[in-house]
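Asker: Sending over a structure as structure tokens; questions will come in a sec.
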Amino acid sequence: MLVRIRRRHSATSPPKREPYVRISEGIHSQAEIPEGCSVLVVGAGMSGLGTALELSERGARDIVVVDPGPFTGFEHRSRTPNTVPLPDTPPWWRSASPHYAELPGVTGPLGGRSRCWHGVLLPVSRRVLERHWPNDTADRLLAEGPGSYRAVTEELLDWQRTCGDARPDRAPDDPREELRALWPDLSLEPVPQAGWSVDGPDGRLVWAYSPLMAWAHRGLARHVGLELPRVVSGPRAISVLVEAGSVRGVRLATPDGGIREVRADVVVLAAGTLENTRLYAQALAEAGDAVTRWPGLNDHVTHGYAVPLPSALAERWTRSDHRFLWSDHEEELNANLFMEVHAAGLAEPVLDLWWMAQQEEPFRDEVRFDPPDRTASGEDTAWAGQVTASFSPADEEEIRRRDEITGKLLEALDVGIAEERGLVDFDPAAKAALATGTAHHYVSRLGTADHEAGTVPLGRRLDFGGRSPSVGNLFVTGPATFPTAGAANPSLTILALAAHTAEAITGG
């Protein structure tokens with residue numbers, strides 16, 4: 001079904017807007033919240049900005065993107081240290097366990113996690129797509145046209161080649177021969193990336209693609225000369241306005257404590273998995289279908305070892321152009337094994353040898369909401385949400401199984417292993433490894449990989465392109481829509497699905 005996107009005002013009767021206070025070209029402050037627009041995108045991260053650009057390229061106009069995060073620059077956050085205070089975590093979210101304690105994706109700077117990823121371009125495996133995803137979505141991702149993994153990967157790698165000034169100088173050294181000699185069965189390849197990382201004097205610096213770069217004229221080639229959507233920084237979405245079963249806009253809270261309503265023909269939720277779930281649940285309730293329990297939440301299980309390296313191997317690896325490697329184990333373990341050397345901020349280089357795996361099914365984690373009493377609280381109240389998450393016995397068994405595999409490489413490196421200490425992240429494990437000369441195990445909490453997904457899945461909660469079957473002209477995009485995430489980093493899939501959503505909206 002084609003969604004009709006119309007302009008709300010004629011050329012002779014322009015929309016009434018507050019005076020512009022331009023932050024940067026196309027990026028504005030909260031003083032410029034419009035009264036209405038054709039398409040309102042909630043969230044200015046990878047999925048929101050990616051979808052807005054795809055819509056503009058397909059001829060949609062009067063597109064507005066809103067995000068609570070402040071503008072702190074266009075480049076990766078490691079290269080543009082944050083000097084602007086970030087918004088506080090909204091009071092309506094809490095976690096019922098140590099997992100998701102930082103409530104990922106709920107707050108951050110403009111650009112969201114597109115400004116802190118490492119550019120990893122890995123697709124969800126064919127096996128996972130064909131088993132769990134809708135056929136039309138899986139077929140398109142695996143094809144060769146727009147919105148396919150192949151097309152998005154080629155475009156991002158082309159962007160990488162054109163940004164040669166950002167690439168650090170490296171010697172053409174390759175540590176894989178030493179590793180293959182130690183572990184002949186291990187298949188290692190450089191991680192495909194839309195960016196680079198390098199250890200600088202002030203720490204680790206990363207350069208990776210963000211859709212936000214289009215507004216700095218450093219985006220993809222096809223976005224050059226494009227009429228860019230307007231991005232408004234500051235307001236946070238409270239709820240979706242629904243009338244007669246269709247969206248009519250979004251209710252926003254401004255940092256100064258005010259409430260604004262923006263009317264829109266189409267609303268796209270792209271605010272991260274947790275906020276997308278809340279906003280979608282509230283929209284369904286407005287349409288008469290109150291759903292307070294949202295199962296299916298899942299994040300990547302990340303665990304591994306911080307390993308002190310033999311000096312000769314450490315020296316070669318730190319000057320190599322192949323310092324970030326991976327080994328594909330999706331078919332047998334639904335996991336990927338990564339290796340990367342870290343030197344910044346440490347006395348000696350440390351190898352991060354880690355697994356990224358999908359949580360084992362069935363997913364037990366969930367988001368629950370406690371709808372307020374509308375008669376007492378009014379319409380300006382967000383639903384209170386609670387995240388419940390834990391490793392299942394199956395997750396813990398798979399962690400042990402994968403650790404046995406990496407133990408073989410540690411044995412070949414002749415590195416001792418310290419006693420395991422439960423949930424801990426890489427940084428403290430790395431410092432402990434250098435202090436003791438032994439490998440230190442770590443298991444990251446769920447919600448710290450920033451890959452949370454699965455609460456509003458395509459094919460079950462949504463139709464093709466992320467369209468809601470329950471609320472007219474409402475769409476959801478981003479990892480919340482993944483039926484399962486597999487073992488792959490989500491960004492490649494996010495950018496591919498942005499094209500699917502844009503075509504569903506414009507009727508392509």
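The values are calculated or read from the model by the stated rules, or taken from the named source; none is laboratory data. Please read these numbers as outputs of a predicted model, since none were measured by experiment. Using ideal geometry, Cβ is built from the backbone for each residue, glycine included, and neighbour counts are taken over all protein chains shown. When the accessible area is computed, the model is the full protein with side chains, heavy atoms only, and any ligands, DNA or RNA have been set aside. Shrake-Rupley method; radii C 1.70, N 1.55, O 1.52, S 1.80 Å.
Asker: Could you give the C-alpha radius of gyration of the stretch 24-90 expressed as a fraction of 2.2 N^0.38 Å, taking N as the number of residues it contains?
Answerer: 1.21
Asker: At a 1.4 Å probe radius, carbon and sulfur cover how many percent of the accessible area of the chain? Walk me through the numbers before you get to the answer.
Answerer: Numbers: 9820 of 20370 Å².
With neighbouring chains kept in place, the figure for the chain is 48 percent.
Asker: Another one. So how much slack lies between A101 and E332, counting 0.36 nm per residue of separation and subtracting their Cα-Cα distance, in nm? Don't jump to the answer; show the numbers that get you there.
Answerer: Numbers: separation 231, 0.36 × 231 = 83.16 nm, distance 3.12 nm.
Result: 80.0 nm gained on full extension.
Asker: Starting from the stretch 65-137, pick out the trypsin sites (Lys or Arg not before Pro) whose DSSP state is loop and whose Cβ has at most 14 other Cβ atoms within 10 Å.
Answerer: Numbers: sites: R77, R79, R94, R113, R115, R126, R127, R131; in loops: R77, R79.
Answer by residue number: there is no such site.
Asker: Can you show me the helix-derived [θ] at 222 nm for the chain, built from DSSP H runs with n ≥ 4 at -39,500 (n - 2.57) apiece and divided by the number of residues, rounded to the nearest 500. It would help to have the intermediate numbers written out before the result.
Answerer: Values: 12 runs with 125 residues, N = 508.
-7500 deg cm²/dmol, from helical runs alone.
Asker: Also, I was wondering about something else. If you take the beta carbon distance between A418 and A151 as r and set R0 to 51 Å, what does 1/(1 + (r/R0)^6) give as a FRET efficiency, to the nearest 0.05?
Answerer: Working: r = 45 Å, r/R0 = 0.89.
Working from the Cβ atoms, E equals 0.65.
Asker: Given the Cα-Cα distance of E361 and R263 and 0.36 nm per residue of separation, how much length would full extension add, in nm? Mind dumping the intermediate values first?
Answerer: Numbers: separation 98, 0.36 × 98 = 35.28 nm, distance 4.02 nm.
Net length gain for the segment: 31.3 nm.
Asker: When ligands, DNA and RNA are left out and all protein chains stay put, how many square angstrom of accessible area per residue does the stretch 361-443 have with a 1.4 Å probe?
Answerer: Values: 4490 Å² over 83 residues.
I get 54 Å² per residue for the stretch 361-443.
Asker: Over all distinct alpha-carbon pairs, what is the Kirkwood Rh of the stretch 288-364 in angstrom?
Answerer: Values: mean 1/r = 0.0666 Å⁻¹.
Across the stretch 288-364, the inverse of the average 1/r is 15.0 Å.
Asker: With both bridge residues required to lie in the chain, what share of the DSSP beta bridges run antiparallel, to the nearest 5%?
Answerer: Working: 62 of 89 bridges.
For the chain, the DSSP antiparallel bridge percentage is about 70.
Asker: Using only alpha carbon pairs under 8 Å that are at least six residues apart, calculate the relative contact order of the stretch 250-385 and give it in whole percent.
Answerer: Working: 187 pairs, mean separation 33.8, N = 136.
In percent, rounded to a whole number, it is 25.
Asker: Further, regarding this structure: Which loop-located trypsin sites (Lys or Arg not before Pro) does the stretch 365-455 contain, where loop means any DSSP state but H, G, I, E or B and the Cβ has at most 16 other Cβ atoms within 10 Å?
Answerer: Working: sites: R368, R374, R400, R401, R402, K408, R421, K431, R445; in loops: R421, R445.
Taking the stretch 365-455 and a limit of 16 other Cβ atoms within 10 Å, the loop trypsin sites (Lys or Arg not before Pro) found are R421.
Asker: Given R₀ = 51 Å, FRET efficiency for D373-R58 by Cβ-Cβ distance, to 0.05?
Answerer: Taking R0 as 51 Å, the efficiency between D373 and R58 is 0.75.
Asker: Taking the Kirkwood radius as the inverse of the mean 1/r across Cα pairs, report the Rg/Rh of the stretch 264-398. Before the final figure, lay out each step's value.
Answerer: Working: Rg = 22.0 Å, Rh = 18.8 Å.
Rounded to two decimals, Rg over Rh is 1.17.
Asker: What number results when the radius of gyration of the chain, computed over Cα atoms, is divided by 2.2 N^0.38 Å? Don't skip to the answer; put the middle values down first.
Answerer: Numbers: Rg = 22.9 Å, N = 508, 2.2 N^0.38 = 23.5 Å.
Relative to the 2.2 N^0.38 Å estimate, the chain comes out at 0.97.
Asker: Can you give the FRET efficiency to the nearest 0.05 for D427 and E397, using r as the Cβ-Cβ distance and R₀ = 25 Å? It would help to have the intermediate numbers written out before the result.
Answerer: Numbers: r = 27 Å, r/R0 = 1.07.
Once rounded, the FRET efficiency stands at 0.40.
Asker: Subtract the Cα-Cα distance of D158 and K408 from 0.36 nm times their separation in residues, and report this length gain in nm to one decimal. Before the final figure, lay out each step's value.
Answerer: Values: separation 250, 0.36 × 250 = 90.00 nm, distance 3.76 nm.
Fully extending the segment from D158 to K408 adds 86.2 nm.
Asker: Extent of the stretch 389-508 along each principal axis, from alpha carbon coordinates, in Å, largest to smallest?
Answerer: So the extents along the principal axes, rounded to whole Å, are 60, 26, 23.
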